1. More than 14 Å from chain B (Cβ to nearest Cβ), on the phi < 0 side of the Ramachandran plot and in a helix (DSSP H, G or I): does that describe A:R144?
2. If I ask for residues that are farther than 30 Å from B:S93 by Cβ and within 14 Å of chain A (Cβ to nearest Cβ), which ones from region B:221-241 would you list?
3. If I ask for residues that are facing chain A (nearest Cβ under 9 Å) and of a type outside the set (V, I, T), which ones from region B:50-85 would you list?
4. With the condition kept exactly as written, say whether any residue in region B:167-183 is more than 19 Å from B:S201 (Cα to Cα) and among the hydrophobic types (A, V, I, L, M, F, W, C).
5. Let me confirm something: among A:A101, A:A113, which residue is part of a helix (DSSP H, G or I), crowded, with 24+ Cβ neighbours inside 10 Å and within 14 Å of chain B (Cβ to nearest Cβ)?
6. Any chance region A:119-139 includes a residue that's within 14 Å of chain B (Cβ to nearest Cβ), surrounded by fewer than 22 Cβ atoms within 10 Å (Cβ to Cβ) and at pLDDT 90 or above?
7. In this structure, is B:A206 exposed (fewer than 15 other Cβ atoms within 10 Å of the Cβ), farther than 30 Å from B:Q84 by Cα, in contact with a helix residue (DSSP H, G or I) (Cβ under 9 Å, 6 or more places away or on another chain) and modelled with pLDDT of 90 or more?
8. For region B:157-164, does any single residue satisfy the condition of being at the interface with chain A (Cβ under 10 Å from one of its Cβ atoms) and surrounded by 17 or more Cβ atoms within 10 Å (Cβ to Cβ)?
Amino acid sequence: MSAGERPLGVVPGWVWGALLACLAAQIAAQALRQAGAPAAGDLPPAPRAATLRLASFGEPEAGARLTMLYVQSVDFAGGRALPYRNLDYPRLVGWLRAVLALDPRSDYPLFAASRVYAEVPDESRARIALEFVHESFRGDPNRRWAALAHAAFLAKHRLHDLPLARRYAAEVARYATADHVPLWAKQMEIFILEDMNELEAAKIMIGGLLESGALRDPQEARFLAQRLKELEARIARRNVK
Amino acid sequence: MPTAILARLVLLEARRGGLPWLAAGGIVLALGLGAFLSQVALTESVALQTAIVAALLRACAVFLVAAQVASSVLREIGDKGLEQMLSLPLSRSVHYLGRLAGFAGCGLALAVAFSAALLPWAPPGAVALWGLSLALETMLVAAATLFFAMALAQLVPAIAATAGFYLLARSMAAMQAMASGPGTDEGFASQLARGVVDAISLVLPALESVTRTEWLLYGPPPAGAYASALGGLALYTVLLAAAGLFDFHRRNW
């Protein structure tokens, strides 16, 4: 006890009682309260990007990431059998679009769209998420290619929609031209064409790649040359039949 | 040198008043919250932690400087210490600028400490640019709070005026974008609103272009833009100091 304080005994009994009773009531009320995650239908309409920018008080990078944490907390689906089944996807895409406008260099919205929201077992919802990835890709292809490449993968293996997968893969090959974009991403369309039995088109693409001189790794060039030979053999076999 | 002595007294008061402990508490709180939020992030966990910590530390530095300046000045006014100091054979400019230099020193110390806390997550060069910008920003806030504290001579109005000024300055670019963005009609009311917003922005510092988190996440800004932003801060700080001096000289204590 410092010199500036009086002994505890001088505090009236009713003040002690009120303090302890209120403290106990507070703890009990908090303990009984069901915290719980917000319900699925609770995602409100997305704000305009300008509104989010205003609310972030000049910290758009932090604001964008905090908004993503908020969005992902809605109907966050631990081990549920049908995750995000009640989520309003058009609204969700509105939020993702606003976050991307707030910080266009953040990978978060596209990562969440392609790796989380597009991987739901509901095909119509998955397509909405994939289309968002596709529409956003053109804004900065050399930064956002990975999300669209994954979207092509999902379209092929989850949705079994090869034309859609080819469309996405073709856009990656066409627009993501920076050196840091790996060749497998630029070559995805070839393998999708093979799966579609479009062997001639795949052959032309591989031949074009080999002739263009874009392949700097000799191993990669050898691999594709081998692939070209296999394709030619398959085409010859098909023509014989 | 009287100005330096007054500045030293201000720094001494801040140290004895527990400002270093509050700064340490702010760092611990920001790091803790950043670490927690990065755990629930799906991706960009380091970027998220950096962004959150930087934003919190910036707000914390500004708040601590404003609260320190307002409480120190108003305590001095309240217990008549300022009147006693004014009886010394020193000009009013020395009194005012000495205190301002001391508060600017507090801001500088906070900026150095808060920048050091960001070093594990961002490149040292970017952190240095961010820290220098934060130091100038806190100096501006110190000058604004000193002006409002001397002019209003009440704690709550002084802090409220500083907070309003600061938040308005940080939101001004977003407000201008909203006022002139797509979807706004071309009626008289819209044009008037746009004109008012543009006019207000002329007398506010461009705080949205300084101490930017994007420097820590995506690399330092172009040298010209950075120098221009910091030059604007320095100019506005001098403007606030001049306005404060003007008011301080004509006031009867």
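1. Spelling it out, it is not the case that A:R144 is more than 14 Å from chain B (Cβ to nearest Cβ), on the phi < 0 side of the Ramachandran plot and in a helix (DSSP H, G or I).
2. Scanning region B:221-241 gives a single hit, B:P221.
3. B:A51, B:A54, B:A55, B:L56, B:R58, B:A59
4. No, region B:167-183 contains no residue that is more than 19 Å from B:S201 (Cα to Cα) and among the hydrophobic types (A, V, I, L, M, F, W, C).
5. Going through A:A101, A:A113 in turn, just one is part of a helix (DSSP H, G or I), crowded, with 24+ Cβ neighbours inside 10 Å and within 14 Å of chain B (Cβ to nearest Cβ): A:A113.
6. No, region A:119-139 contains no residue that is within 14 Å of chain B (Cβ to nearest Cβ), surrounded by fewer than 22 Cβ atoms within 10 Å (Cβ to Cβ) and at pLDDT 90 or above.
7. No.
8. Checking region B:157-164: not a single residue is at the interface with chain A (Cβ under 10 Å from one of its Cβ atoms) and surrounded by 17 or more Cβ atoms within 10 Å (Cβ to Cβ).
The values are calculated or read from the model by the stated rules, or taken from the named source; none is laboratory data. In this text, all values refer to a predicted model and were calculated from it rather than measured experimentally. A quick note on method: Cβ atoms are made from the backbone with ideal geometry, for glycine too, and the neighbour counts reach across all protein chains shown.
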